[in-house]
Amino acid sequence: MKIFYTLLFLLFTGCILTHSGLSLSYALLGLDLWYEKMIPALLPFMILSGIMIRMGLTEYVTTAVYPALRYTFRVSRNVGYAMIMGFLCGFPMGAKTVSDLYERDLITPREAEYLLAFCNNIGPVYFVSFVLPLLERRLIFPYILGMYAIPLLYGLLLRYTAFRDLEYEKTIRRHRFKAGLLAQIDDAIQSALQSILTLGGYMILFNLLNLLPHILLGNPPVWTAPLFEISGGLKLLGKSSPLYALLVLPFGGLSCIAQTYSCIKKTPVPIGKYVLHKLFLTGITALYYLLWYVSSPASFLR
């Protein structure tokens, strides 16, 4: 295995050296998307969520919506908070929120595993403002339904089957500050900056992996690009294959998997289980679009 990794590393390094212009363009694509899309969309939420978790406010900020979550999903307040952040703020906030809560003993290992099964998805702001305009789709609601209703229903199904053992009758903990407010804010900012920098590194690296199929196959990568890094891959793909793009989004690409691993490596949840759930969600999404095509071919992918 070490020989394989060594040869792969030498091949990749050789491609970068012999095709410096092409490698620069792929790296720049990842850097631009990280700077223009990811930092403004994610960094503020990472900082604010980090502060709330460190100050023990998560169980209180969910007060308005918790009765609905308690009745349907039968989860604790902190699990409800992670669900809200995962769906509203998008990837990788779901994974980072789960990790932050777990590290502070605010959720159990079993709850962390449950949350990662369906709460780490592409964010709605990113989906509506970047993906749908890029694919030039006029309809919005069917795509929103396919992107977010499916993982939500999947999570509901898991709650009453594989995760029916979860406890949810928990009282609010009285959090004791171990440091002052400014210290909590400083720690949250440093953690958020580390996470966003790591995300940028993954986006650059996995965009650079497009070099290999580009050079070895002799053509610019089309279908492989989103599998490596979803944002850069979708931009390269454009509007040419909207159905394929919509099916890759629930999976997230190899970069998203690597970033998720970076977020959850301190939790007991194995990355293999996360990937398995993503594959299930991708399959269910494919079934959804098949049903849409069968039931209404005139409106399909409009």
Consider ALA298 against the criteria (1) of a type in the set (A, V, I, L, M, F, W, C); (2) modelled with pLDDT under 90; (3) within 27 Å of HIS19 (Cβ to Cβ): it satisfies all of them except one. Which criterion is unmet? (3)
One residue is enough: does region 114-130 have a residue meeting the conditions in contact with a Lys or Arg (Cβ under 9 Å, 6 or more places away or on another chain), over 23 Å from LEU243 (Cα atoms) and part of a helix (DSSP H, G or I)? yes
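Residue check: is LEU22 more than 21 Å from the chain's Cα centre (by Cα) and either touching a residue at least 40 places away in the same chain (Cβ under 8 Å) or within 28 Å of LEU182 (Cβ to Cβ) (or both)?
Values: more than 21 Å from the chain's Cα centre (by Cα): yes; either touching a residue at least 40 places away in the same chain (Cβ under 8 Å) or within 28 Å of LEU182 (Cβ to Cβ) (or both): yes.
Considered against the rule, which asks whether it is more than 21 Å from the chain's Cα centre (by Cα) and either touching a residue at least 40 places away in the same chain (Cβ under 8 Å) or within 28 Å of LEU182 (Cβ to Cβ) (or both), LEU22 comes out as yes.
If you take the residues in region 273-285 that are touching a residue at least 60 places away in the same chain (Cβ under 8 Å) and not basic (Lys, Arg), which one is farthest from TYR154 (Cα to Cα)?
Here is the first cut: in region 273-285, the ones touching a residue at least 60 places away in the same chain (Cβ under 8 Å) are 273-274, 277, 280-281, 284-285.
Narrowing the set further to residues that are not basic (Lys, Arg) leaves 274, 277, 280-281, 284-285.
On the way: TYR274: 13, HIS277: 9, PHE280: 9, LEU281: 8, ILE284: 9, THR285: 11 Å.
Taking the candidates together, the pick is TYR274.
Taking the condition of being closer than 13 Å to HIS19 by Cβ and surrounded by fewer than 22 Cβ atoms within 10 Å (Cβ to Cβ), how many residues in region 192-208 meet it?
Going through region 192-208, the residues closer than 13 Å to HIS19 by Cβ turn out to be 208.
From the residues that got through so far, the ones that are surrounded by fewer than 22 Cβ atoms within 10 Å (Cβ to Cβ) too are none.
Total meeting the criteria: 0.
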I'm told LEU158 meets every condition in (1) touching a Leu at 6+ places or on another chain (Cβ under 9 Å); (2) of a type in the set (A, V, I, L, M); (3) over 18 Å from ALA245 (Cα atoms); (4) part of a helix (DSSP H, G or I) except one. Can you identify the failing condition by its number? (1)
Could you check GLU59 against (1) closer than 30 Å to LEU234 by Cα; (2) part of a helix (DSSP H, G or I) and say which number it fails? (1)
Restricted to region 36-56 and to residues being free of Cβ contacts under 8 Å to residues at least 24 places away in the same chain and under 17 Å from the mean Cα position of the chain (by Cα), the residue surrounded by the fewest Cβ atoms within 10 Å (Cβ to Cβ) is PRO40
Under 9 Å between Cβ atoms, at least 6 apart or on separate chains: pull out the pairs that start in region 243-272 with a residue that is on the phi > 0 side of the Ramachandran plot and end on any residue that is of a type in the set (Lys, Arg). GLY252/LYS278
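Is one or more of the residues making up region 245-266 outside any helix (DSSP H, G or I) and over 28 Å from ALA27 (Cα atoms)?
Yes; the residues of region 245-266 include at least one that is outside any helix (DSSP H, G or I) and over 28 Å from ALA27 (Cα atoms).
So if I check each of PRO213, PRO250, PRO221, which one is of a type outside the set (Val, Ile, Thr) and modelled with pLDDT of 90 or more? Talk me through it step by step, then tell me what you get.
Numbers: PRO213 fails: modelled with pLDDT of 90 or more; PRO221 fails: modelled with pLDDT of 90 or more.
PRO250 is the lone residue from the list that is of a type outside the set (Val, Ile, Thr) and modelled with pLDDT of 90 or more.
Could you list, in sequence order, all residues of region 269-302 that are in a loop (DSSP other than H, G, I, E, B) and touching an Asp or Glu at 6+ places or on another chain (Cβ under 8 Å)?
First, the residues of region 269-302 that are in a loop (DSSP other than H, G, I, E, B): 269-270, 296-302.
Once the filter is applied, which keeps residues that are in a loop (DSSP other than H, G, I, E, B) and touching an Asp or Glu at 6+ places or on another chain (Cβ under 8 Å), region 269-302 yields only VAL269.
The values are calculated or read from the model by the stated rules, or taken from the named source; none is laboratory data. Just so it is clear, the structure is predicted and the values come from calculations on it, not from any experiment. Neighbour counts are summed over all protein chains in view; Cβ atoms, including those assigned to glycine, are modelled from backbone coordinates with ideal geometry.
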